[in-house]
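Beneath this line is the structure, given in structure tokens, with notes to follow.
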Amino acid sequence: MAASAAPNVVLVDHPLVQHKLTMMRRQDASTAEFRKLLREIGLFLGYEAMRDLPLGKVPITTPIMDMDAPVIAGKKLCFISVLRAGDGLLGAMLDLVPSARVGQVGLARDEETLQPMRYFFKVPPNLDERLCVVLDPMLATGNSAVRAVQELKDAGASDLKFVCLLAAPEGLETFTKAHPDVPVITASIDSHLDAHGYIVPGLGDAGDRLFGTKGT
Ligand code: URA
């Protein structure tokens, strides 16, 4: 069972996750290694995010006998990638639930207001009938996470979880204040944000490390 860091925050402190996270943080991890490790950790984060999915029973026949066996029942799932680094967690989630729907939210900082503004928003219909698992590896200031979840709520979503790899305490506070109903699942709560909004010690720019775009 993962540790509970604060109300509605689940810290996945499993040794395998922590080991893989250390490998990812290293500045000499290659793009391929970084991508593979994020996907592997994504499986564990997804496992925790979906821990309380309701189960039903279906009749099956094993080679030995008939039985009523558990299957996932109830709400359908939707994974929402916050572009672009959210895509690094998406593959793992779809490995776990291949039939889930997928949405994307793209946010960019408005240089006048400094607030995140949406430039892309494509989600499946009937979000109100789905558990929406929002994916963004880095919960830094929390501003874009707050905005992404607000956009989804405005589009009808009412049952949401937020999955990230690293969280800064500042971002966690901002997010949980704005959306106390949305649990956060993370592999680490780091020390703080630096003056540029990077998580410390962090791992740098997750999008650049995932896609190999540093310096472009
Ligand atoms: N986004 C990143 O990719 N890295 C950080 O440290 C903060 C925000």
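The values are calculated or read from the model by the stated rules, or taken from the named source; none is laboratory data. Values in this document were obtained by computation on a predicted structure and should not be read as measured data. In this analysis, Cβ positions are derived from the backbone assuming ideal geometry, glycine residues included, and neighbour counts consider all displayed protein chains. The area values use the complete protein model at the heavy-atom level, side chains included, leaving out ligands, DNA and RNA. Shrake-Rupley method; radii C 1.70, N 1.55, O 1.52, S 1.80 Å.
If you go through segment 132-156 and pick out every residue that is farther than 14 Å from residue 86 by Cα, open to solvent by 10 Å² or more (accessible area, probe 1.4 Å) and not β-branched (Val, Ile, Thr), you end up with 8. For segment 47-73, a residue qualifies if it is assigned to a strand (DSSP E or B) and closer than 29 Å to residue 89 by Cβ, and the qualifying residues are 55, 56, 70, 71, 72. Against the condition open to solvent by less than 60 Å² (accessible area, probe 1.4 Å) and either touching a residue at least 60 places away in the same chain (Cβ under 8 Å) or within 18 Å of residue 93 (Cα to Cα) (or both), how does residue 20 come out, does it pass? So residue 20 passes the test.
Within segment 27-51, being of a type in the set (A, V, I, L, M, F, W, C) and loosely packed, with under 15 Cβ neighbours inside 10 Å holds for one residue alone: 32. Beta carbons closer than 6 Å, at least 6 apart along the sequence or on distinct chains, pair a first residue in segment 112-135 that is under 24 Å from residue 42 (Cα atoms) with a second that is open to solvent by less than 40 Å² (accessible area, probe 1.4 Å) and of a type in the set (Lys, Arg) for 133/161. Please determine whether any residue of segment 190-208 is away from the ligand (no atom under 13 Å from the Cβ) and either within 13 Å of residue 82 (Cβ to Cβ) or touching a residue at least 40 places away in the same chain (Cβ under 8 Å) (or both). Checking segment 190-208: not a single residue is away from the ligand (no atom under 13 Å from the Cβ) and either within 13 Å of residue 82 (Cβ to Cβ) or touching a residue at least 40 places away in the same chain (Cβ under 8 Å) (or both).
Name every residue in segment 129-182 that is among the aliphatic types (A, V, I, L, M), within 13 Å of the ligand (Cβ to nearest atom) and part of a loop (DSSP other than H, G, I, E, B), in order of residue number. 140, 165, 168 - these are the residues of segment 129-182 that are among the aliphatic types (A, V, I, L, M), within 13 Å of the ligand (Cβ to nearest atom) and part of a loop (DSSP other than H, G, I, E, B).
Residue count for segment 52-61 under the criterion of being open to solvent by 100 Å² or more (accessible area, probe 1.4 Å) and either in contact with a Pro (Cβ under 8 Å, 6 or more places away or on another chain) or modelled with pLDDT under 95 (or both): the result is 3. Which of the residues spanning segment 38-70 are of a type in the set (Gly, Ala, Ser) and within 29 Å of the chain's Cα centre (by Cα)? Residues satisfying the conditions are 42, 46, 49, 56. Determine the pairs where a residue that is under 20 Å from residue 121 (Cα atoms), located within segment 86-100, has a partner that is open to solvent by 10 Å² or more (accessible area, probe 1.4 Å) and in a loop (DSSP other than H, G, I, E, B) with Cβ atoms under 6 Å apart, the partner being 6 or more residues away or on another chain. Partner pairs satisfying both residue conditions: 86/136. Residues of segment 109-119 that are open to solvent by less than 90 Å² (accessible area, probe 1.4 Å) and either of a type in the set (Asp, Glu) or under 17 Å from residue 134 (Cβ atoms) (or both): 110, 116.
Criterion first (under 18 Å from the mean Cα position of the chain (by Cα) and closer than 30 Å to residue 22 by Cβ) does residue 121 satisfy it? No: the conditions fail for residue 121.
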